[in-house]
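Asks: The structure under discussion is supplied below as structure tokens; questions concerning it will follow.
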């Protein structure tokens with residue numbers, strides 16, 4: 001099946017394009033896979049922080065990456081119903097006003113289909129290479145950037161005097177199509193990420209089902225209980241949050257650290273059972289990472305999932 005046909009069929013079915021660590025050119029594409037090449041060019045690749053989602057601590061980057069909003073603009077033009085999800089955009093790397101403008105523009109041009117997944121970042125060397133705000137302040141920077149987004153998406157002119165950024169009487173129009181703004185999903189499952197979700201987020205978007213971070217149902221339940229408490233302490237409605245779990249469909253032969261089968265690995269019947277289990281504990285959406293080492297391999301995984309797994313849970 002041609003790439004364009006895959007995109008068209010996903011779009012008609014109202015699925016989601018998850019812009020994160022997949023091979024360039026596939027429906028599940030990585031928009032920040034160029035980080036290793038960038039760091040190598042900056043002389044920083046030899047002594048990197050460990051990657052939190054692999055057992056060996058190495059980032060699965062292979063190059064071939066395009067910028068997030070650029071590729072999502074192309075995808076938006078090729079589809080009609082597909083939601084466009086950044087999973088996730090590391091906010092401290094980006095200028096908040098420019099990013100707010102880019103996100104609003106994509107939401108307008110796509111007819112209101114953007115979901116902005118955000119994170120605080122994890123790679124100290126990358127902060128240094130990009131001359132971003134201090135690594136140790138990344139959480140506070142992320143919170144402030146979200147506050148700026150929400151203001152610029154709803155007020156014009158707008159002024160802001162924060163700890164890390166200031167502006168006066170600026171305009172950022174047109175506003176996004178979605179009101180009050182595109183949904184903001186907060187990535188990660190640390191206490192800080194849960195607190196950020198409770199305070200600023202429209203959804204929580206952790207990564208699980210990988211050997212280094214299995215995030216099985218019982219652990220998800222504990223985090224959801226904590227998130228509910230934190231959300232209610234902020235005076236917000238927990239039931240209004242979207243709970244979105246990201247589950248890779250690669251390296252399925254690697255067991256969890258305790259030797260048990262990882263969620264969303266095994267036979268189609270196992271994966272279908274996991275889908276039902278996570279739905280029962282309060283997960284609203286699952287994003288499956290179908291990355292492969294080639295375009296053909298990624299499309300093959302998508303087709304396998306659509307043919308062998310979805311019919312077991314449909315309806």
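For every residue, the table says whether it meets (1) without any contact (Cβ under 8 Å) to a residue 40 or more places away in the chain; (2) over 20 Å from residue 203 (Cα atoms).
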{"position": "84", "(1), (2)": "no, no"}
{"position": "88", "(1), (2)": "no, no"}
{"position": "93", "(1), (2)": "yes, yes"}
{"position": "103", "(1), (2)": "no, no"}
{"position": "112", "(1), (2)": "no, no"}
{"position": "120", "(1), (2)": "no, no"}
{"position": "132", "(1), (2)": "no, yes"}
{"position": "145", "(1), (2)": "no, no"}
{"position": "154", "(1), (2)": "yes, no"}
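Asks: Could you list, in sequence order, the residues of segment 264-315 that are surrounded by fewer than 20 Cβ atoms within 10 Å (Cβ to Cβ), within 29 Å of residue 228 (Cβ to Cβ) and out of contact with any helix residue (DSSP H, G or I) (no Cβ under 8 Å at 6 or more places or on another chain)?
Replies: Hits for segment 264-315 are 270, 273, 279, 280, 284, 285.
Conditions (1) in contact with a strand residue (DSSP E or B) (Cβ under 6 Å, 6 or more places away or on another chain); (2) without any contact (Cβ under 8 Å) to a residue 12 or more places away in the chain, marked per residue:
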position	(1), (2)
246	yes, no
255	no, no
265	no, no
276	no, no
286	yes, no
291	no, no
296	no, yes
303	no, no
314	no, yes
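Asks: Specify which of the listed residues (179, 150) is at pLDDT 95 or above, under 23 Å from residue 241 (Cβ atoms) and assigned to a loop (DSSP other than H, G, I, E, B).
Replies: Details: 150 fails: assigned to a loop (DSSP other than H, G, I, E, B).
None of the others qualify; the one that does is 179.
For every residue, the table says whether it meets (1) over 23 Å from residue 134 (Cα atoms); (2) in a helix (DSSP H, G or I); (3) in contact with a helix residue (DSSP H, G or I) (Cβ under 8 Å, 6 or more places away or on another chain); (4) at pLDDT 95 or above.
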site	(1), (2), (3), (4)
36	no, yes, yes, no
56	yes, no, no, no
59	no, no, yes, no
66	yes, no, no, no
72	yes, yes, yes, yes
76	yes, yes, yes, yes
84	yes, no, yes, yes
97	no, yes, yes, yes
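Asks: Among the residues that make up segment 246-256, is at least one of them outside any helix (DSSP H, G or I), under 25 Å from residue 221 (Cα atoms) and at pLDDT 90 or above?
Replies: yes
Asks: Can you tell me which residue among 103, 193, 140 is touching a helix residue (DSSP H, G or I) at 6+ places or on another chain (Cβ under 8 Å), surrounded by 16 or more Cβ atoms within 10 Å (Cβ to Cβ) and outside any strand (DSSP E or B)? Can you show your working first?
Replies: Values: 193 fails: touching a helix residue (DSSP H, G or I) at 6+ places or on another chain (Cβ under 8 Å); 140 fails: touching a helix residue (DSSP H, G or I) at 6+ places or on another chain (Cβ under 8 Å).
Among 103, 193, 140, only 103 is touching a helix residue (DSSP H, G or I) at 6+ places or on another chain (Cβ under 8 Å), surrounded by 16 or more Cβ atoms within 10 Å (Cβ to Cβ) and outside any strand (DSSP E or B).
Asks: Looking at residue 72, is it closer than 23 Å to residue 291 by Cβ, without any contact (Cβ under 8 Å) to a residue 40 or more places away in the chain and buried (at least 22 other Cβ atoms within 10 Å of the Cβ)? Walk me through how you get there before you give the answer.
Replies: Numbers: closer than 23 Å to residue 291 by Cβ: yes; without any contact (Cβ under 8 Å) to a residue 40 or more places away in the chain: no; buried (at least 22 other Cβ atoms within 10 Å of the Cβ): yes.
Considered against the rule, which asks whether it is closer than 23 Å to residue 291 by Cβ, without any contact (Cβ under 8 Å) to a residue 40 or more places away in the chain and buried (at least 22 other Cβ atoms within 10 Å of the Cβ), residue 72 comes out as no.
Asks: Would you mind telling me which numbered condition in (1) touching a strand residue (DSSP E or B) at 6+ places or on another chain (Cβ under 8 Å); (2) surrounded by fewer than 16 Cβ atoms within 10 Å (Cβ to Cβ); (3) modelled with pLDDT of 85 or more residue 237 fails?
Replies: The failed condition is (1).
The values are calculated or read from the model by the stated rules, or taken from the named source; none is laboratory data. Predicted model, so just to flag it, every value in this text is computed and none were measured. Because the Cβ atoms are built from the backbone with ideal geometry, glycine has one as well, and the counts that use them run over all protein chains shown.
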